[in-house]
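The block underneath contains the structure these notes are about, expressed in structure tokens.
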Amino acid sequence: MTKKSSKNLLDTIEVFIGQNAVFEGTIKTDKVIRIDGKITGNIYSASILLGANGEIIGDITTEVAVIGGLVKGNINASETTEILSKAKVVGNIRTNILTIVKGAYFDGQSSMTTKEINNGA
């Protein structure tokens, strides 16, 4: 996957979990996923875009993570992780590039990696 920004991700979403949706279990996809609802379980995807009202209780393994809502779990992103201004992340982050926008909340440890994380999708 080539480097993607959050703007490019919006153009390539193939899986969408709506605001009123609640899902429990593991999600695996080799596509871009947008989550505005609540997920309890682990997620394996090419890229993930978590909306401001979205919530994930579980671990995320991906290439690109753009987080706008709540994550209670670890994020493993082989390329980049972007924590937006209203986001809250409680868990550890392993990624190649980490961006935390002013106003975001992050409670955990971060470590920089190379692109060796296998996303399992």
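Worth pointing out:
- Averaging the Cα positions of each part gives two centres, and for region 51-109 and region 14-37 these lie 16 Å apart.
- Remark on region 31-99: Rg and Dmax equal 10.1, 27 Å (Cα only).
- Debye-sum result for the chain in log10 I(q)/I(0), which assumes one identical scatterer on each alpha carbon, at q = 0.11, 0.19 Å⁻¹: -0.28, -0.93
- Comparing Thr40, Thr80, Thr26 in a Gaussian network model of the chain (Cα springs below 10 Å), the most mobile by mean-square fluctuation is Thr26.
Read-outs: derived from the displayed coordinates by stated rules, not from any lab. Because the structure is a prediction, the values reported are computed rather than measured.
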